[in-house]
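Enquirer: Dumping the structure here so I can ask a few things about it.
The values are calculated or read from the model by the stated rules, or taken from the named source; none is laboratory data. A quick note: this is a predicted structure, and the numbers were derived from the prediction, not measured. Here the Cβ positions follow ideal geometry from the backbone for every residue, glycine too, while neighbour counts run over all protein chains shown.
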Amino acid sequence: MRTGEGQVLRVSSHLTSVFFLILLTVSCGSGNNVSALHSTEAGTTPVSASVSDSFHGTYRLSGIYSGDLSIVRAEGVQYVDSVKNTVRIELEIDTLLDSYKIEREYPIEFGKSSFAMTSGVKEKYESENSSSEKSYFIDTQYLAEMSDFQALLNIEWQKISDKTGGKI
């Protein structure tokens, strides 16, 4: 009887080892399914706080707010060129009183997690990463000085491409 009991114990320990191996494979996933990084709807690389090249690309207007204007509708695009150190913005803003089209290109310099205009013009343009380093969004404060209005705009841009589309 002892021989039979020893064989049962060996089979049971063998089955236990197989069970744990299956459990480990299921919980960790098989080698055939390589997990990829999750991407946002933009599908581009995140804006990084350490590399100015990651700012490079095209951004669409995601949100805009102004305490100075009653904005009814707004559309826009921003092109950030980390090679030429320039930013180009194109904004169309409809307010309760009028419509405005703003097209500007500024020389910029990059900070650790931001960029800002380098020239001393009346308008002010400062952008920085959103609260998360892995964000696809840039928050901008823009003081627009035009002949018919002056407004401080808080703008949120979403990165949609790593290219600038040849606009700059």
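Enquirer: Among the candidates 68, 53, single out the residue that is touching a strand residue (DSSP E or B) at 6+ places or on another chain (Cβ under 7 Å), at pLDDT below 90 and among the charged types (D, E, K, R).
Expert: One residue alone meets the criteria, 68.
Enquirer: If I ask for residues that are under 15 Å from residue 55 (Cβ atoms) and aromatic (Phe, Trp, Tyr), which ones from region 99-127 would you list?
Expert: 106, 110, 115, 125
Enquirer: Taking residue 156 as the residue in question, decide whether it is modelled with pLDDT of 90 or more and out of contact with any Pro (no Cβ under 6 Å at 6 or more places or on another chain).
Expert: Taking the combined requirement at face value, the residue satisfies it.
Enquirer: If I filter region 84-97 for residues that are surrounded by 15 or more Cβ atoms within 10 Å (Cβ to Cβ), in a loop (DSSP other than H, G, I, E, B) and at pLDDT 85 or above, do I get at least one hit?
Expert: yes
Enquirer: Scan 109, 75, 105 and give me the residue that is of a type outside the set (Val, Ile, Thr), touching a strand residue (DSSP E or B) at 6+ places or on another chain (Cβ under 9 Å) and at pLDDT 95 or above.
Expert: 75
Enquirer: Return the total of residues in region 112-148 being hydroxyl-bearing (Ser, Thr, Tyr), at pLDDT 85 or above and closer than 30 Å to residue 97 by Cβ.
Expert: 4
Enquirer: With the requirement that a residue be in contact (Cβ under 8 Å) with a residue 12 or more places away in the chain and part of a strand (DSSP E or B), what does region 98-116 give you?
Expert: Selection gives 100, 102, 103, 104, 105, 106, 107, 108, 109, 110, 114, 115.
Enquirer: Also, I was wondering about something else. Can you name the condition, by its number, that residue 151 falls short on among (1) modelled with pLDDT of 90 or more; (2) part of a strand (DSSP E or B); (3) over 13 Å from the mean Cα position of the chain (by Cα); (4) of a type outside the set (Phe, Trp, Tyr)?
Expert: Residue 151 satisfies all of (1) modelled with pLDDT of 90 or more; (2) part of a strand (DSSP E or B); (3) over 13 Å from the mean Cα position of the chain (by Cα); (4) of a type outside the set (Phe, Trp, Tyr) except (1).
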